[in-house]
1. Going by the structure shown, is Ser41 closer than 19 Å to Ser75 by Cα and without any contact (Cβ under 8 Å) to a residue 12 or more places away in the chain?
2. What are the residues in segment 1-16 that are assigned to a helix (DSSP H, G or I) and out of contact with any helix residue (DSSP H, G or I) (no Cβ under 9 Å at 6 or more places or on another chain), if any?
3. Of the residues that make up segment 147-167, is at least one within 30 Å of Gly74 (Cβ to Cβ) and under 24 Å from the mean Cα position of the chain (by Cα)?
4. Being surrounded by 16 or more Cβ atoms within 10 Å (Cβ to Cβ) and either outside any helix (DSSP H, G or I) or modelled with pLDDT under 85 (or both) is the filter here, so list the residues in segment 42-59 that pass it.
5. Residues in segment 60-85 that are in contact (Cβ under 8 Å) with a residue 60 or more places away in the chain, among the aliphatic types (A, V, I, L, M) and crowded, with 19+ Cβ neighbours inside 10 Å: how many?
6. Have a look at Lys157, Lys179, Lys171, Lys166 and point out the one that is within 23 Å of Leu42 (Cα to Cα), modelled with pLDDT of 85 or more and not polar (S, T, N, Q).
7. For the structure I just gave you, tell me whether Ser110 is outside the structural domain of Ala39 (by TED's automatic domain parsing), modelled with pLDDT under 85 and among the polar types (S, T, N, Q).
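The values are calculated or read from the model by the stated rules, or taken from the named source; none is laboratory data. Please read all numbers here as calculations on a predicted model, not as lab measurements. Glycine also receives a Cβ, built like all others from the backbone with ideal geometry; neighbour counts cover every protein chain displayed.
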Amino acid sequence: MSLLQTLDDKALLSLVKGGDQRAYAEIFSRYSDALYQKAFSLLKDADVASDMVQDVFLRLWEKREELELREALGSYLYQSIRHLSLNELRRAGRYDQRMDDFARFVLDRSPSADYELRSKELEAAIAREIALMPARMREVFLLRKNEDLSYQEIADKLNISPMTVKSQLHKAVQLLWRKLSGFLMVVVILSLL
């Protein structure tokens, strides 16, 4: 094990800021596979996902001297790959489908290795945002999420139309998407789809 492998991300980033290419290579080694997996899970295109990872690391190197991170390096890299991937999805017209996929994840909460690593943070963030939803939206969302009721079953239970249920769920997912999009775990969430 090399000395660089024992350093934390903050120390490596400090070396990278000074132009240390070996520290940069260590960061690449630590994160490139995970970032590729995230990009690929979003984009479903190996070549584009690989390009996105290269772009993230190229930008890291190019901006190394002025880079001041308020969050952990991993968070910064995940946010970067998310932004590039979502921009590509928008450009390719696949953004709405991925929003639907995000909604399914929030409702199903399927596990993955990355999700498990940060699940407590994510669950807390989701719970906070659910608690802040308007009462009816929260009620519809929780019936779907916790009781796995169909649109019709929720409509019958709340004496509203199935279209209102669908609309409230769509708004709830959009709200969560907006509120959590800055949160690094959105990438992890989307990687499960």
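1. No.
2. Within segment 1-16, Leu3, Thr6 qualify.
3. no
4. Leu42, Leu43
5. Residues that pass the stated criteria total 2.
6. From the options Lys157, Lys179, Lys171, Lys166, the qualifying one is Lys171.
7. So Ser110 fits the description; yes.
For every residue, the table says whether it meets (1) surrounded by fewer than 16 Cβ atoms within 10 Å (Cβ to Cβ); (2) under 17 Å from Trp177 (Cβ atoms); (3) out of contact with any helix residue (DSSP H, G or I) (no Cβ under 6 Å at 6 or more places or on another chain).
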site	(1), (2), (3)
Pro134	yes, yes, yes
Met137	no, yes, no
Lys145	no, yes, no
Ser150	yes, no, yes
Lys157	yes, no, yes
